[in-house]
Amino acid sequence: MKTIFSGVQPSGIPTLGNYIGALQYFPEMQTDDSHCFYCVVNQHAITVPQDKAELKRNTRSLAALYIALGIDPNKSTVFVQSEVPAHAQLAWVLQCISTIGELERMTQYKDKSAGAESVSSALLTYPPLMAADILLYGTDIVPVGDDQKQHLELTRTLAERFNKRFNEIFTIPEVQIAKEGARIMSLQHPEKKMSKSDVNPKAYVSMLDTDAQIRKKIKSAVTDSEGVVVFNKEEKPGVSNLMTILRTCTKQSIAEIEAAYANKGYGDFKNDVAEAVVATIGPIRDRHDELVASTELDRILDEGAERANKVARKMLRKVEKAIGFTR
Ligand code: TYM
(Lines give C-alpha, C1' and ligand atoms only; values in the text may rest on other atoms or scores of the structure.)
Protein backbone atom coordinates (compact mmCIF):
# COMPACT_ATOMS: atom_id res chain seq x y z
CA MET A 1 0.00 0.00 0.00
CA LYS A 2 1.49 3.36 -1.04
CA THR A 3 0.70 6.60 0.77
CA ILE A 4 0.35 9.73 -1.34
CA PHE A 5 0.33 13.25 0.10
CA SER A 6 -0.02 16.61 -1.58
CA GLY A 7 -1.24 20.09 -0.73
CA VAL A 8 -2.14 23.42 -2.26
CA GLN A 9 -2.16 26.80 -0.53
CA PRO A 10 -5.51 28.63 -0.38
CA SER A 11 -3.67 31.89 -1.04
CA GLY A 12 -5.86 32.53 -4.08
CA ILE A 13 -7.92 30.45 -6.50
CA PRO A 14 -5.79 27.66 -8.07
CA THR A 15 -4.60 28.42 -11.58
CA LEU A 16 -4.30 26.42 -14.76
CA GLY A 17 -0.61 26.06 -13.74
CA ASN A 18 -1.57 24.38 -10.45
CA TYR A 19 -3.91 22.12 -12.40
CA ILE A 20 -1.46 21.09 -15.10
CA GLY A 21 1.53 20.78 -12.74
CA ALA A 22 -0.17 18.98 -9.86
CA LEU A 23 -3.97 18.87 -9.42
CA GLN A 24 -4.69 16.85 -12.58
CA TYR A 25 -2.71 13.92 -11.13
CA PHE A 26 -4.52 13.84 -7.77
CA PRO A 27 -7.57 11.79 -8.86
CA GLU A 28 -5.57 9.27 -10.90
CA MET A 29 -3.32 8.48 -7.92
CA GLN A 30 -6.31 6.94 -6.12
CA THR A 31 -5.91 3.23 -6.77
CA ASP A 32 -6.70 0.02 -4.90
CA ASP A 33 -3.07 0.01 -3.84
CA SER A 34 -2.83 3.58 -2.46
CA HIS A 35 -4.20 5.89 0.16
CA CYS A 36 -4.14 9.58 -0.72
CA PHE A 37 -4.15 12.57 1.62
CA TYR A 38 -5.04 15.87 -0.06
CA CYS A 39 -4.64 18.88 2.17
CA VAL A 40 -5.70 22.54 2.02
CA VAL A 41 -2.55 24.07 3.51
CA ASN A 42 -3.96 27.21 5.10
CA GLN A 43 -1.11 27.47 7.62
CA HIS A 44 1.32 27.84 4.72
CA ALA A 45 -0.91 30.53 3.21
CA ILE A 46 -0.56 32.84 6.23
CA THR A 47 3.23 33.08 5.86
CA VAL A 48 2.27 36.15 3.80
CA PRO A 49 -0.63 38.42 4.85
CA GLN A 50 -4.11 37.13 3.95
CA ASP A 51 -7.50 38.80 4.19
CA LYS A 52 -9.59 36.83 6.72
CA ALA A 53 -12.78 36.60 4.64
CA GLU A 54 -10.87 35.73 1.47
CA LEU A 55 -8.82 33.03 3.22
CA LYS A 56 -12.03 31.46 4.49
CA ARG A 57 -13.61 31.60 1.01
CA ASN A 58 -10.50 30.25 -0.72
CA THR A 59 -10.15 27.39 1.80
CA ARG A 60 -13.68 26.19 1.10
CA SER A 61 -13.29 26.74 -2.59
CA LEU A 62 -10.08 24.70 -2.82
CA ALA A 63 -11.67 21.82 -0.91
CA ALA A 64 -14.65 21.93 -3.31
CA LEU A 65 -12.23 21.95 -6.25
CA TYR A 66 -10.49 18.83 -4.94
CA ILE A 67 -13.81 16.98 -5.00
CA ALA A 68 -14.86 18.54 -8.33
CA LEU A 69 -11.63 17.27 -9.92
CA GLY A 70 -12.61 13.71 -9.12
CA ILE A 71 -11.04 13.10 -5.72
CA ASP A 72 -13.33 10.61 -4.03
CA PRO A 73 -13.69 11.42 -0.31
CA ASN A 74 -14.56 7.79 0.38
CA LYS A 75 -11.20 6.67 -0.99
CA SER A 76 -8.99 9.65 -0.09
CA THR A 77 -8.66 11.89 2.94
CA VAL A 78 -9.42 15.54 2.14
CA PHE A 79 -8.77 17.94 5.00
CA VAL A 80 -7.71 21.39 6.17
CA GLN A 81 -4.21 21.66 7.65
CA SER A 82 -5.09 23.87 10.67
CA GLU A 83 -7.68 21.30 11.79
CA VAL A 84 -4.89 18.80 12.45
CA PRO A 85 -2.68 20.31 15.19
CA ALA A 86 0.06 17.68 14.75
CA HIS A 87 1.27 19.54 11.62
CA ALA A 88 2.34 22.61 13.61
CA GLN A 89 3.63 20.45 16.47
CA LEU A 90 5.89 18.34 14.24
CA ALA A 91 6.94 21.43 12.30
CA TRP A 92 8.42 22.84 15.51
CA VAL A 93 10.45 19.68 16.10
CA LEU A 94 11.70 19.75 12.49
CA GLN A 95 12.63 23.43 12.79
CA CYS A 96 14.81 22.44 15.70
CA ILE A 97 16.84 20.12 13.45
CA SER A 98 16.95 22.53 10.46
CA THR A 99 19.66 25.14 10.09
CA ILE A 100 19.08 28.76 9.12
CA GLY A 101 21.62 28.29 6.31
CA GLU A 102 19.69 25.50 4.64
CA LEU A 103 16.41 27.38 4.95
CA GLU A 104 17.96 30.55 3.49
CA ARG A 105 19.10 28.57 0.45
CA MET A 106 15.49 27.81 -0.60
CA THR A 107 14.79 29.67 -3.85
CA GLN A 108 11.13 30.21 -2.94
CA TYR A 109 12.24 32.05 0.22
CA LYS A 110 14.75 34.09 -1.77
CA ASP A 111 12.12 35.00 -4.40
CA LYS A 112 9.41 35.92 -1.91
CA SER A 113 11.70 37.92 0.36
CA ALA A 114 13.65 39.71 -2.40
CA GLY A 115 13.10 43.45 -2.23
CA ALA A 116 10.67 43.20 0.71
CA GLU A 117 11.31 45.57 3.59
CA SER A 118 10.46 42.88 6.11
CA VAL A 119 9.06 39.36 5.86
CA SER A 120 7.58 37.00 8.45
CA SER A 121 9.94 34.54 10.10
CA ALA A 122 7.47 31.84 8.97
CA LEU A 123 8.40 32.49 5.35
CA LEU A 124 11.82 31.14 6.28
CA THR A 125 10.51 28.24 8.36
CA TYR A 126 7.90 27.29 5.74
CA PRO A 127 9.78 24.14 4.54
CA PRO A 128 9.88 22.35 7.93
CA LEU A 129 6.08 22.76 8.07
CA MET A 130 5.84 21.27 4.59
CA ALA A 131 8.13 18.43 5.70
CA ALA A 132 5.84 17.85 8.71
CA ASP A 133 2.79 17.62 6.40
CA ILE A 134 4.46 14.90 4.41
CA LEU A 135 6.25 12.94 7.14
CA LEU A 136 3.27 12.67 9.50
CA TYR A 137 1.52 10.27 7.15
CA GLY A 138 4.44 7.95 6.28
CA THR A 139 4.18 9.32 2.75
CA ASP A 140 5.81 7.39 -0.12
CA ILE A 141 5.01 9.71 -3.04
CA VAL A 142 4.43 13.48 -3.30
CA PRO A 143 3.02 14.71 -6.64
CA VAL A 144 4.02 18.37 -7.14
CA GLY A 145 5.13 20.86 -9.78
CA ASP A 146 8.76 21.68 -10.51
CA ASP A 147 8.95 24.62 -8.05
CA GLN A 148 8.55 22.29 -5.04
CA LYS A 149 11.50 20.04 -5.89
CA GLN A 150 13.91 21.82 -3.56
CA HIS A 151 11.43 21.67 -0.65
CA LEU A 152 11.08 17.93 -1.23
CA GLU A 153 14.84 17.46 -1.18
CA LEU A 154 14.97 19.27 2.16
CA THR A 155 12.10 17.09 3.46
CA ARG A 156 14.16 14.00 2.63
CA THR A 157 17.23 15.48 4.30
CA LEU A 158 15.30 16.32 7.49
CA ALA A 159 13.70 12.86 7.60
CA GLU A 160 17.08 11.16 7.22
CA ARG A 161 18.63 13.45 9.83
CA PHE A 162 15.85 12.71 12.33
CA ASN A 163 15.99 8.96 11.70
CA LYS A 164 19.74 8.93 12.24
CA ARG A 165 19.75 11.17 15.30
CA PHE A 166 16.74 9.73 17.15
CA ASN A 167 15.00 6.68 15.76
CA GLU A 168 14.07 5.21 12.34
CA ILE A 169 10.55 6.60 12.31
CA PHE A 170 10.07 8.45 9.05
CA THR A 171 9.53 7.05 5.57
CA ILE A 172 11.77 8.88 3.07
CA PRO A 173 9.33 10.27 0.47
CA GLU A 174 9.83 10.31 -3.30
CA VAL A 175 8.89 13.35 -5.34
CA GLN A 176 6.78 12.88 -8.46
CA ILE A 177 7.15 15.63 -11.04
CA ALA A 178 5.43 15.41 -14.43
CA LYS A 179 7.63 15.42 -17.54
CA GLU A 180 5.33 17.90 -19.27
CA GLY A 181 3.78 21.01 -17.77
CA ALA A 182 5.58 20.95 -14.42
CA ARG A 183 6.18 24.70 -14.87
CA ILE A 184 3.43 26.59 -16.67
CA MET A 185 4.46 30.17 -17.33
CA SER A 186 2.66 33.51 -16.88
CA LEU A 187 0.49 34.52 -19.85
CA GLN A 188 1.82 38.09 -19.65
CA HIS A 189 5.48 37.46 -18.71
CA PRO A 190 6.27 34.00 -20.08
CA GLU A 191 9.72 34.03 -18.51
CA LYS A 192 7.99 33.96 -15.07
CA LYS A 193 6.02 31.09 -13.48
CA MET A 194 2.20 31.34 -13.58
CA SER A 195 1.15 32.18 -10.01
CA LYS A 196 -2.22 32.49 -8.24
CA SER A 197 -0.90 35.45 -6.25
CA ASP A 198 0.13 37.45 -9.35
CA VAL A 199 -1.21 41.03 -9.05
CA ASN A 200 -2.21 40.99 -12.73
CA PRO A 201 -5.17 38.59 -13.27
CA LYS A 202 -4.44 38.55 -17.02
CA ALA A 203 -1.24 36.63 -16.21
CA TYR A 204 -3.09 33.48 -15.21
CA VAL A 205 -6.22 31.47 -15.93
CA SER A 206 -7.98 30.70 -12.67
CA MET A 207 -9.82 27.41 -12.21
CA LEU A 208 -12.98 29.43 -11.53
CA ASP A 209 -12.76 31.85 -14.49
CA THR A 210 -15.83 31.97 -16.72
CA ASP A 211 -15.54 30.64 -20.29
CA ALA A 212 -15.51 34.24 -21.56
CA GLN A 213 -12.68 35.20 -19.16
CA ILE A 214 -10.64 32.17 -20.21
CA ARG A 215 -11.02 33.03 -23.92
CA LYS A 216 -10.09 36.66 -23.33
CA LYS A 217 -7.01 35.83 -21.27
CA ILE A 218 -5.66 33.22 -23.72
CA LYS A 219 -6.25 35.56 -26.68
CA SER A 220 -4.33 38.36 -24.98
CA ALA A 221 -1.43 36.06 -23.97
CA VAL A 222 1.97 37.48 -24.92
CA THR A 223 3.59 35.66 -27.87
CA ASP A 224 6.04 37.12 -30.43
CA SER A 225 5.92 38.72 -33.86
CA GLU A 226 7.09 35.69 -35.90
CA GLY A 227 3.66 34.14 -36.44
CA VAL A 228 4.96 30.54 -36.53
CA VAL A 229 3.83 27.86 -34.09
CA VAL A 230 7.12 26.16 -33.20
CA PHE A 231 8.27 24.86 -29.80
CA ASN A 232 11.35 26.69 -28.52
CA LYS A 233 11.25 27.56 -24.82
CA GLU A 234 14.23 29.95 -24.92
CA GLU A 235 13.40 31.94 -28.05
CA LYS A 236 9.61 31.58 -28.11
CA PRO A 237 8.59 31.23 -24.44
CA GLY A 238 5.03 32.56 -24.90
CA VAL A 239 4.14 30.31 -27.86
CA SER A 240 5.86 27.30 -26.27
CA ASN A 241 3.89 27.81 -23.05
CA LEU A 242 0.60 27.87 -24.97
CA MET A 243 1.71 24.73 -26.85
CA THR A 244 2.36 22.95 -23.54
CA ILE A 245 -1.08 24.02 -22.34
CA LEU A 246 -2.71 22.76 -25.56
CA ARG A 247 -0.75 19.56 -25.37
CA THR A 248 -1.82 18.73 -21.82
CA CYS A 249 -5.47 19.66 -22.47
CA THR A 250 -5.79 17.67 -25.72
CA LYS A 251 -3.11 14.96 -25.31
CA GLN A 252 -1.66 15.88 -28.75
CA SER A 253 2.11 15.70 -29.16
CA ILE A 254 4.21 18.80 -29.81
CA ALA A 255 4.99 17.48 -33.34
CA GLU A 256 1.26 17.08 -34.04
CA ILE A 257 0.58 20.63 -32.86
CA GLU A 258 3.42 22.04 -35.00
CA ALA A 259 2.08 20.17 -38.04
CA ALA A 260 -1.52 21.26 -37.42
CA TYR A 261 -0.60 24.97 -37.38
CA ALA A 262 2.16 24.93 -40.01
CA ASN A 263 0.28 27.24 -42.35
CA LYS A 264 -1.81 29.10 -39.84
CA GLY A 265 -1.18 32.19 -37.74
CA TYR A 266 -1.48 32.74 -34.00
CA GLY A 267 -5.20 33.63 -34.28
CA ASP A 268 -6.37 30.09 -35.06
CA PHE A 269 -3.84 28.62 -32.65
CA LYS A 270 -4.94 30.80 -29.72
CA ASN A 271 -8.60 30.08 -30.49
CA ASP A 272 -7.96 26.36 -30.22
CA VAL A 273 -5.91 26.73 -27.03
CA ALA A 274 -8.75 28.77 -25.50
CA GLU A 275 -11.38 26.17 -26.46
CA ALA A 276 -9.21 23.33 -25.12
CA VAL A 277 -8.81 25.12 -21.78
CA VAL A 278 -12.56 25.89 -21.60
CA ALA A 279 -13.33 22.21 -22.27
CA THR A 280 -10.87 21.10 -19.55
CA ILE A 281 -11.68 23.58 -16.79
CA GLY A 282 -15.36 24.36 -17.47
CA PRO A 283 -16.87 21.12 -16.12
CA ILE A 284 -14.63 21.20 -13.01
CA ARG A 285 -15.67 24.80 -12.29
CA ASP A 286 -19.36 23.94 -12.70
CA ARG A 287 -19.11 20.99 -10.27
CA HIS A 288 -17.21 23.23 -7.84
CA ASP A 289 -20.03 25.78 -7.94
CA GLU A 290 -22.59 23.14 -6.98
CA LEU A 291 -20.45 21.82 -4.11
CA VAL A 292 -19.00 24.91 -2.52
CA ALA A 293 -22.07 26.03 -0.59
CA SER A 294 -23.22 22.52 0.35
CA THR A 295 -23.31 20.93 3.80
CA GLU A 296 -21.91 17.86 2.01
CA LEU A 297 -18.56 19.69 1.79
CA ASP A 298 -18.55 20.31 5.55
CA ARG A 299 -19.28 16.65 6.21
CA ILE A 300 -16.38 15.62 3.92
CA LEU A 301 -13.96 18.00 5.65
CA ASP A 302 -15.10 16.98 9.16
CA GLU A 303 -14.55 13.32 8.32
CA GLY A 304 -11.25 14.11 6.61
CA ALA A 305 -9.95 15.97 9.67
CA GLU A 306 -10.98 13.11 11.92
CA ARG A 307 -9.19 10.52 9.79
CA ALA A 308 -6.08 12.67 9.34
CA ASN A 309 -5.92 13.44 13.07
CA LYS A 310 -5.92 9.74 13.91
CA VAL A 311 -2.95 8.97 11.66
CA ALA A 312 -1.04 12.16 12.47
CA ARG A 313 -1.43 11.87 16.25
CA LYS A 314 -0.01 8.35 16.17
CA MET A 315 3.09 9.51 14.29
CA LEU A 316 3.52 12.54 16.54
CA ARG A 317 3.44 10.29 19.60
CA LYS A 318 6.27 8.18 18.13
CA VAL A 319 8.29 11.35 17.49
CA GLU A 320 7.69 12.65 21.01
CA LYS A 321 8.84 9.36 22.48
CA ALA A 322 11.95 9.37 20.30
CA ILE A 323 13.06 12.86 21.32
CA GLY A 324 12.25 12.56 25.05
CA PHE A 325 8.97 14.43 25.32
CA THR A 326 7.84 11.94 27.96
CA ARG A 327 7.73 11.86 31.73
P1 TYM B 1 1.28 25.93 -4.33
O2 TYM B 1 0.00 26.19 -3.62
O3 TYM B 1 2.12 27.09 -4.69
O4 TYM B 1 1.01 25.11 -5.64
C5 TYM B 1 0.26 23.89 -5.64
C6 TYM B 1 0.86 22.91 -6.62
O7 TYM B 1 0.88 23.47 -7.93
C8 TYM B 1 2.22 23.43 -8.47
N9 TYM B 1 2.42 24.65 -9.28
C10 TYM B 1 2.67 24.66 -10.60
N11 TYM B 1 2.82 23.66 -11.49
C12 TYM B 1 3.06 24.00 -12.78
N13 TYM B 1 3.16 25.30 -13.20
C14 TYM B 1 3.01 26.32 -12.34
N15 TYM B 1 3.11 27.58 -12.76
C16 TYM B 1 2.76 26.02 -10.97
N17 TYM B 1 2.58 26.79 -9.86
C18 TYM B 1 2.37 25.93 -8.84
C19 TYM B 1 3.13 23.41 -7.25
O20 TYM B 1 4.38 22.87 -7.56
C21 TYM B 1 2.32 22.56 -6.28
O22 TYM B 1 2.52 21.19 -6.54
N23 TYM B 1 4.47 24.39 -0.78
C24 TYM B 1 3.37 23.99 -1.62
C25 TYM B 1 2.17 23.50 -0.85
C26 TYM B 1 2.46 22.41 0.12
C27 TYM B 1 2.69 21.04 -0.19
C28 TYM B 1 2.86 20.40 1.05
C29 TYM B 1 2.78 20.34 -1.40
C30 TYM B 1 2.49 22.53 1.48
N31 TYM B 1 2.75 21.33 2.03
C32 TYM B 1 3.13 19.02 1.14
C33 TYM B 1 3.04 18.96 -1.32
C34 TYM B 1 3.21 18.33 -0.08
C35 TYM B 1 2.93 25.18 -2.45
O36 TYM B 1 3.23 26.30 -2.15
O37 TYM B 1 2.14 24.86 -3.51
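Taking region 43-83 as the region of interest, how many residues are open to solvent by 20 Å² or more (accessible area, probe 1.4 Å), more than 12 Å from the ligand (Cβ to nearest atom) and part of a loop (DSSP other than H, G, I, E, B)?
9
Keeping to region 84-97, report how many residues are in a loop (DSSP other than H, G, I, E, B) and open to solvent by 20 Å² or more (accessible area, probe 1.4 Å).
Going through region 84-97, the residues in a loop (DSSP other than H, G, I, E, B) turn out to be 84-85, 97.
Now narrow it down to the ones that are open to solvent by 20 Å² or more (accessible area, probe 1.4 Å): 85.
So the answer is 1.
Checking Asp198 against (1) under 27 Å from Ala45 (Cα atoms); (2) among the acidic types (Asp, Glu); (3) open to solvent by 40 Å² or more (accessible area, probe 1.4 Å), which single condition isn't satisfied?
(3)
Rundown of residues vs (1) part of a loop (DSSP other than H, G, I, E, B); (2) among the polar types (S, T, N, Q); (3) within 30 Å of Ala322 (Cβ to Cβ), yes/no style:
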{"position": "Thr171", "(1), (2), (3)": "yes, yes, yes"}
{"position": "Leu187", "(1), (2), (3)": "yes, no, no"}
{"position": "Leu208", "(1), (2), (3)": "yes, no, no"}
{"position": "Glu226", "(1), (2), (3)": "yes, no, no"}
{"position": "Leu242", "(1), (2), (3)": "no, no, no"}
{"position": "Ile245", "(1), (2), (3)": "no, no, no"}
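Residue under question is Ile100, and the condition is that it be under 20 Å from Ala178 (Cβ atoms) and either in contact (Cβ under 8 Å) with a residue 24 or more places away in the chain or touching a Lys or Arg at 6+ places or on another chain (Cβ under 7 Å) (or both); does it hold? Talk me through it step by step, then tell me what you get.
On the way: under 20 Å from Ala178 (Cβ atoms): no; either in contact (Cβ under 8 Å) with a residue 24 or more places away in the chain or touching a Lys or Arg at 6+ places or on another chain (Cβ under 7 Å) (or both): yes.
The answer is no for Ile100.
Residue pairs, Cβ under 7 Å, 6 or more apart or interchain, first in region 23-42 and within 15 Å of the ligand (Cβ to nearest atom) and β-branched (Val, Ile, Thr), second part of a helix (DSSP H, G or I) and open to solvent by less than 10 Å² (accessible area, probe 1.4 Å). List them.
Hits for this filter: Val40/Leu62; Val40/Ala63; Val40/Gln81; Val41/Gln81; Val41/Asp133.
Taking region 113-151, which residues are without any contact (Cβ under 8 Å) to a residue 40 or more places away in the chain and near the ligand (Cβ under 9 Å from one of its atoms)?
Residues satisfying the conditions are Pro127, Gln148, Lys149.
Please specify each residue of region 1-42 satisfying the condition of being assigned to a loop (DSSP other than H, G, I, E, B) and of a type in the set (A, V, I, L, M, F, W, C). Talk me through it step by step, then tell me what you get.
Step one: list which residues in region 1-42 are assigned to a loop (DSSP other than H, G, I, E, B), which gives 1, 9-14, 24, 29-33, 41.
Matches in region 1-42: Met1, Ile13, Met29, Val41.
Quickly run through region 247-295 and pick out the residues that are of a type in the set (Ser, Thr, Tyr) and part of a loop (DSSP other than H, G, I, E, B). If you could, list the steps in order and put the result at the bottom.
Just the residues of region 247-295 that are of a type in the set (Ser, Thr, Tyr), to begin with: 248, 250, 253, 261, 266, 280, 294-295.
Within region 247-295, Ser253, Tyr261, Ser294 meet the criteria.
With the requirement that a residue be open to solvent by 50 Å² or more (accessible area, probe 1.4 Å) and within 8 Å of the ligand (Cβ to nearest atom), what does region 178-188 give you?
Going through region 178-188, the residues open to solvent by 50 Å² or more (accessible area, probe 1.4 Å) turn out to be 179-180, 183.
If the condition is that a residue be open to solvent by 50 Å² or more (accessible area, probe 1.4 Å) and within 8 Å of the ligand (Cβ to nearest atom), then Arg183 is the only one that fits.
The values are calculated or read from the model by the stated rules, or taken from the named source; none is laboratory data. Just so we're clear, the structure is a prediction, and the values are computed from it rather than from any experiment. For neighbour counting, all protein chains shown are included, and Cβ atoms are generated from backbone atoms with ideal geometry for every residue, glycine included. Surface areas here come from the heavy atoms of the whole protein model, side chains and all, with no ligands, DNA or RNA. Shrake-Rupley method; radii C 1.70, N 1.55, O 1.52, S 1.80 Å.
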